[in-house]
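Throughout, read-outs are computed from the coordinates displayed, never taken from laboratory work. Nothing here was measured: the structure is a model prediction, and the numbers come from that model. All Cβ positions, glycine included, derive from the backbone under ideal geometry; neighbour counts span all protein chains shown.
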Amino acid sequence: MKTYQQFINGSLVDSHSKDWIEVENPFTNEIISRVPQGDTEDACAALEAAAKAQKAWAARPAAERAGYLKRMAALIRDSRVELAKTLAAEQAKILPLAQVEIDVTAEYFDYYAGWARIFEGEIIQSDRKNENIFLFRKPIGVVAGICPWNFPFFVMARKVAPALLSGCTIVLKPSSMTPNTTFEFAKMAATLDLPPGVVNFVSGGGKTLGNALVTSPLTDMVTLTGSVEAGQEIIRATADNITKVSLELGGKAPAIVFADADLDIAVKGVVDSRVIYSGQVCNCAERAYVHTSIYDKFLEKFTQAMKNVRYGDPFADPAPDMSSQIDKNQQQKIDAMVKRALADGAKALTGGKIADTKSGYFYEPTVLVNCRQDMEIVRKEVFGPAIPVLPFTEYEEAIALANDCEYGLTSSVFTTNINTVMQALKDLKFGETYVNREHFEGIQGFHAGWRKSGIGGADGKHGLMEYLQSQMAYIQF
Ligand code: NAD
């Protein structure tokens, strides 16, 4: 069993609490590591270090800051195989998918390093003679980054890379369920000659150490990736200091399959979007609306494809398509939602129950029909491999059903008609829409949800802007 330490003010340290959090491999149920149970004192020490380091860090040329990001990318690549194994073990993520996450994370650091010479301020026309108006972009200051368990390594980079590139310093807290890759990265960061306090990694509960991070007056911005409930708590907790928040929260993505869709593409797109990482992805397809004229045919192919999804040991070679849920709670939550849907009249064409496996917390890939729009399974995030499929007859009906949702993260349409594509892009109220493909974003895009899916967003140019604030100068000469 590995023991990790926090990384505060340039040093690897235990917690003041002297308590530990044990981390379980969800597939084997083995305790694989322990991390410090950080407390308020640890949060304060890390924030003080970040605040102390920020001015000098921001004063460095952006290209110099980018140099550290490139070295972080290189260190990740040097240990890519080991990191993927650590990630697969802490999450029961299938090994090839864990490898993709590690490799994309290295790319992410390189990608943001590339922004060093690109991000700009503005020169604005004045209404007065002999006046220049400048808009400077300045780092927001000290960032508290709070991560979920589903993409622990990538989401860590999604916060650390733009923060450091923009001249912010950061204190980052991983989920207590999946802290191992973050603390492996902390050990790498400790080998760089980074000024102490520029990047800090702490561990602990959301409502304890996490709350201390978000309520501190030293924190200039909170970036959370997590549930709507945590987002709501953070909005409340940051109200007194009016601290900036950037929130990437949950989703309930619709996939709309029109009558003229290529059925094989649609079936593959929806299956891939539902079972990737065992359905535990914020942008997963969570409900499908299929035109009545192809409903039966779609269901036949889709159900067969969901039955064909192989699940099992994430380390097996060849790899399965799907692995365990993150823990028993998550497995029970999915099961309870499906059971309530079945009791309310839904019918499972396949699945509908906890998988009968010797180890892990598996849930059978599940296709539900006879569902209504008002059912919980159609309205609330399942975060597992179960999907209701509903019929529609008119275009307007499909769009209205898709938009009728408290979340607004991702959506998809399957059609061969370009006019339908363009009209749907106009009518759908979601931060992302995928056309004839699975739901999965690019690092150069902007991952940002509407409605309860969040405030602000991540990735690309606009993700970098989250960490910068403007300063206007009106200069008379
Ligand atoms: P969670 O909300 O339970 O926890 C996320 C993090 O927030 C954890 O580190 C937790 O300790 C911390 N936290 C919880 N309450 C807090 C509080 N009051 N103050 C400070 N910190 C607090 O979410 P999870 O179960 O880890 O992740 C799954 C959720 O994340 C899903 O809803 C999923 O859709 C969402 N998610 C969204 C995106 C996105 O980009 N929109 C990406 C990944 C996951």
| task | May I ask for the distance between the Cα centers of region 205-271 and region 127-187, given as a whole number of Å? | result | 15 Å
| field | Approximate spin-label separation Lys328-Val100, in nm, with each point projected 7 Å along Cα-to-Cβ | value | 3.1 nm
| query | Looking at Phe258, Ser79, Pro388, which one has the Cα that reaches farthest to the positive end of the dipole of the chain (charges on Cβ: Lys, Arg +1; Asp, Glu -1)? | reply | Ser79
| request: Obtain the nm distance between the two label points defined at Ile118 and Phe136 by a simple spin-label model: each point lies 7 Å from its Cα along the Cα-to-C-beta direction. | output: 2.4 nm
| task | Would you grab the residues whose amide H sits under 5 Å from the one on Leu390? Only those 5+ places off in sequence or on another chain, please, with H modelled 1.01 Å from N. | result | Ala288, Tyr289, Val290
| query | How much length, in nm to one decimal, is gained on full extension between Ile265 and Ala316, taken as 0.36 nm per residue of separation minus their Cα-Cα distance? | reply | 15.6 nm
| request: Give the shape of region 356-474 as rounded, prolate or oblate, defined through the alpha-carbon gyration tensor: a ≥ b ≥ c are the square roots of its eigenvalues, a/c under 1.5 means rounded, and otherwise the shape is prolate if a/b is larger than b/c and oblate if not. | output: oblate
| field | Given charges at beta-carbon only (K, R positive; D, E negative), |dipole| of region 253-321 in Debye | value | 160 debye
| Once the Cα gyration tensor of the chain is diagonalised, what are the square roots of 5 times its eigenvalues, in whole Å and ordered largest first, as equivalent ellipsoid semi-axes? | 38, 29, 19
| 222 nm [θ] for the chain, helices only, -39500 (n - 2.57) per DSSP H run of 4+, per residue, to 500? | -12000 deg cm²/dmol
| said: Can you compute the charge dipole magnitude of region 1-115 about its Cα centre, using +1 on each Lys and Arg Cβ and -1 on each Asp and Glu Cβ, nothing else charged? Give it in debye, rounded to the nearest 20. | reply: 520 debye
| remark: Zone reached by a paramagnetic label modelled 7 Å from Arg128 Cα along Cα→Cβ, restricted to region 443-477 with backbone N below 17 Å, covers 472-477
| note | Karplus-derived 3J(HN,Hα) from phi for region 240-256 (6.51 cos²θ - 1.76 cosθ + 1.60, θ = phi - 60°), whole Hz, x at Gly and Pro, runs 4, 8, 6, 7, 4, 10, 10, 10, 10, 10, x, x, 8, 5, x, 10, 9
| Where labels lie 7 Å past Cα in the beta-carbon direction, separation of Trp20 and Gln469 in nm | 4.1 nm
| Net length gained if the chain between Lys339 and Ser293 were fully extended (0.36 nm per residue, minus Cα distance) | 13.7 nm
| request: Work out which GluC sites (Glu not before Pro) in the chain are exposed loop sites (DSSP not H, G, I, E or B, at most 15 other Cβ within 10 Å) and give the longest gap free of them. | output: 121-393
| message | Skipping prolines and chain starts, which residues have an amide H placed within reach, meaning under 5 Å, of the one on Gly197, given they are 5 or more residues away or on another chain? | response | Asn9, Gly10
| task | Using θ = phi - 60° and the Karplus relation 6.51 cos²θ - 1.76 cosθ + 1.60, list the HN-Hα couplings for region 220-236 in order, rounded to whole Hz, with x at every Gly or Pro. | result | 9, 8, 10, 10, 10, 10, x, 7, 4, 4, 5, x, 5, 4, 6, 4, 5
| Put +1 on the Cβ of each Lys and Arg and -1 on the Cβ of each Asp and Glu in region 253-443; which of Tyr295, Ala336, Ser273 then has its Cα farthest toward the positive end of the dipole? | Ala336
| If you place +1 on the Cβ of every Lys and Arg and -1 on the Cβ of every Asp and Glu, how big does the dipole about the Cα centre of region 253-443 come out, in debye to the nearest 20? | 460 debye
| Candidate lysines - alpha carbon under 16 Å from Lys252, same-chain residues fewer than 8 apart omitted | Lys333, Lys380, Lys429, Lys452
| task | Please list the non-local residues whose amide H lies under 5 Å from the amide H of Ala92, H modeled 1.01 Å from N, same-chain partners needing a gap of 5 or more. | result | Phe27
| Scattering profile of region 253-443 at q = 0.14, 0.16 Å⁻¹ [log10 I(q)/I(0), Debye over alpha-carbon scatterers] | -0.72, -0.94
| task | Report ³J(HN,Hα) in whole Hz for each residue of region 127-132, in order, from the Karplus equation J = 6.51 cos²θ - 1.76 cosθ + 1.60 where θ = phi - 60°; Gly and Pro get x. | result | 8, 9, 6, 6, 9, 10
| field | Paramagnetic reach from Glu82 (point 7 Å along Cα→Cβ, amide N under 19 Å) across region 1-39 | value | 1-7, 12-13, 32-35
| query | What is the Cα centroid distance between region 395-472 and region 334-384, reported in whole angstrom? | reply | 26 Å
